[in-house]
Structure formats: C-alpha cells, structure tokens
Amino acid sequence: MAESLTDIPERGGHGGKRESGHVPVLLQQAIEFLNIKRGGRYIDATVGLGGHSFEIAKRLGAPGHLIGFDKDPAALEIAQQRLTQDPASLARDGSARDWPTITLIHGTMGDSANSQRASSVDGILADLGVSSLQLNDPARGFSFQAEGPLDMRMNPQSGPTAEQVVNQSDEVTLANLIYEFGDERRSRRIARAIVRSRPIGNTAQLAEIISAAARPMNPAERKIHPATRTFQAIRIFVNDELNHLQALLSAAPQLLKSGGRLVIISFQSLEDRIVKDALRDGAKSGIYRLLVKKPVVAEAEEVVRNSRARSAKLRAAERL
C-alpha cells in the first residue's frame, strides 16, 4: 500500500522491489555521492530491508566490509537473509564469490559512534524516517490508514509505546511534543481533544479525534490528512529519532577517513534542517566539503514510479 503526502512521511522502503514493491528512494543518487571504493568500509546506519546496502555491497567486492545498523529486528532479519546469502542475480556469472563481509547490528544509527574505530570508515549512509515494512503492517501502529494498536516503536522490544504517550502524558507535554516534532500549529487544540477523549486504544480512534479537532481550514491544508503531523510527532518522540540523528551527525567526523562521504536522505523538514545545519557548520569549521548547495530531490519520473520519493531530500558532504 503506497502512502502519499496525505499520510506519514517515510523513507520509501529500504527493501527494494523484491520485498516492498518499491526501489529505495534516491538510490542512484545516494550511490553516486557515496563514491564507493572497492575494498572500502561503509556504514548503512539505517539498513532497513537492505535495498541501499545491496547496491553498496555489489560495489565493495570481497575485500570490502559493510556494517549495517537498524533498530527494527524484523527488518534486520529480512536484510540478513538478503545480504548474507549469495545473491541469485550475481550467482549466475560467478560474481557472488566477490561478495564483501557483511556485519548487521541491532541498534540505532547513533550506536555507530561506539562500535567503530576513528578514521576507519569510507562512507556513511542514513535513510531516515519510517520504512514500508513498518507502515504497511497495521499491527505496528505507524499508520492511520488501517486500524491498529497504538505502538509506533521501531524496536518493539523496548521503550514507551504511542499508547502510553497518548494516554499518560499531560496536556502541556502533549501539546509541546506535537508542536516541536510535528510542526503542528493547532497542537494545543489537538492535545486538549486527546486528553478529553482518553483512554484511546487504537490508531483509527486517535486519527478520528485529531481530525475532529483540527479540520482543514483552506485548500492547502486539505491536501494533508489532519492527523499526519501529530502521528509524525508521536512517532519521532517514541523512537527518540532526533537524538539518534544528532548522535550520528556528531560521530561522523570522527568515524570518516579523509575523503570519506556522509550521505543522508530525510523526508521531513525538521530532520532536513538538522542535517543542513550540521553539514554547514562542519564546512565552516573545515571538517567537510559540501557536495551539494541545495538538497537533491527525486526527478519527476521517480516520483511517478514511487510517490514516497516526493518529499525526499538528499544532502552529502566529504570529510576533509
């Protein structure tokens, strides 16, 4: 099920055509900016179902090493199968023998800071947001397109659920997180409606409450479902996504070799602003050379093929 801008912004599926029906967003551009070297050491900080990782691995060869991180154990299991077995598409001509070492780690993108040596990495890729695997399973509770439990945890094994946040947070806390992480101007009205309607048990009920409290007032607002920004905000809060992103951005200059590349794809303005500021500040400090002045976006053909690419922005820098 393809979700458009009327639903939760997400990263378009790491999984590629085989698993999700979609290729990863901005795949060709991400690979080009990584400038992959045979025998190099690369990190996919959000490996997902392995779509980007597969293309990186094909270019590394047997001397290379790919390290992938993901906090979702279900995604990691699929990626493990895809990336550690001889790829069928390569086995025919014998090039599967040239497959690199693959190490997959159950952890956040920020965990890469604690697991790799300084100046040991040739490139880092991060494809932010929520994946197709998560969005398309109502039992995960990420989407309001189908009724499901209020969970929203990328790692179902730890952390508070969205249900706990929605039903236990006070009104001020709810309003603040909806405004900060969702850029929702009607955050106070929505928070008040949520508190008055508790207990709230599932995604459909929450979406209905939000929609009643924040009806679109003009044509521009009608293009986006009223619950989109609030669902985004709760998801970001539940998964502590911005702190993990900040940890990765802080670690990257220490991890990258001179000439190493950092490539990040974001799907909403809050994340893109954090990435832009970090790379710009790094360039001013003599840490990075910016590879793009403005974010790279999907071409019209890709958007037609994959509507999830519409909101994607890629930024890239090279370690000096």
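The values are calculated or read from the model by the stated rules, or taken from the named source; none is laboratory data. This one's a predicted model, so the numbers in the text were calculated from it and none came from an experiment. In this analysis, Cβ positions are derived from the backbone assuming ideal geometry, glycine residues included, and neighbour counts consider all displayed protein chains.
Residues in region 279-320 that are among the hydrophobic types (A, V, I, L, M, F, W, C) and out of contact with any Lys or Arg (no Cβ under 9 Å at 6 or more places or on another chain): Ala300, Val304, Ala309, Leu314. Examine region 191-209 for a residue that is touching a Lys or Arg at 6+ places or on another chain (Cβ under 8 Å), buried (at least 18 other Cβ atoms within 10 Å of the Cβ) and farther than 21 Å from Asp272 by Cα, and state whether such a residue exists. Scanning region 191-209 turns up no residue that is touching a Lys or Arg at 6+ places or on another chain (Cβ under 8 Å), buried (at least 18 other Cβ atoms within 10 Å of the Cβ) and farther than 21 Å from Asp272 by Cα. When Val166 is tested against the conditions (1) farther than 30 Å from Val296 by Cβ; (2) surrounded by fewer than 20 Cβ atoms within 10 Å (Cβ to Cβ), the lone failure is (2).
I'd like to know if region 262-270 contains one or more residues that are polar (S, T, N, Q) and in a loop (DSSP other than H, G, I, E, B). For region 262-270, residues polar (S, T, N, Q) and in a loop (DSSP other than H, G, I, E, B): present. With respect to Arg215, is the statement that it is touching a strand residue (DSSP E or B) at 6+ places or on another chain (Cβ under 8 Å) and either outside the structural domain of Ser112 (by TED's automatic domain parsing) or farther than 23 Å from Ala191 by Cβ (or both) true? So Arg215 does not fit the description; no. Within region 283-291, one or more residues are within 24 Å of Ile36 (Cβ to Cβ) and buried (at least 23 other Cβ atoms within 10 Å of the Cβ). Test Phe181 against the criterion of being modelled with pLDDT of 95 or more and under 19 Å from Pro149 (Cα atoms), and give yes or no. Criteria not met by Phe181.
Of all residues in region 271-317, those being without any contact (Cβ under 8 Å) to a residue 60 or more places away in the chain, assigned to a strand (DSSP E or B) and over 13 Å from the mean Cα position of the chain (by Cα) number 5. Among the residues of region 124-158, those identified as assigned to a loop (DSSP other than H, G, I, E, B), surrounded by fewer than 18 Cβ atoms within 10 Å (Cβ to Cβ) and more than 18 Å from the chain's Cα centre (by Cα) are Ala146, Glu147, Gln157, Ser158.
Filtering region 100-117 to residues that are surrounded by fewer than 16 Cβ atoms within 10 Å (Cβ to Cβ), of a type in the set (S, T, N, Q) and at pLDDT 80 or above leaves Thr101, Thr103. Kindly indicate which of Ile224, Ile264 is among the aliphatic types (A, V, I, L, M) and surrounded by 16 or more Cβ atoms within 10 Å (Cβ to Cβ). On inspection, the qualifying residue turns out to be Ile264.
Among the numbered conditions (1) surrounded by 21 or more Cβ atoms within 10 Å (Cβ to Cβ); (2) more than 30 Å from Asn167 (Cβ to Cβ), the only one that Pro295 does not meet is (1).
Ile36: outside any loop (DSSP other than H, G, I, E, B) and either modelled with pLDDT of 95 or more or buried (at least 22 other Cβ atoms within 10 Å of the Cβ) (or both), yes or no? So Ile36 does not fit the description; no.
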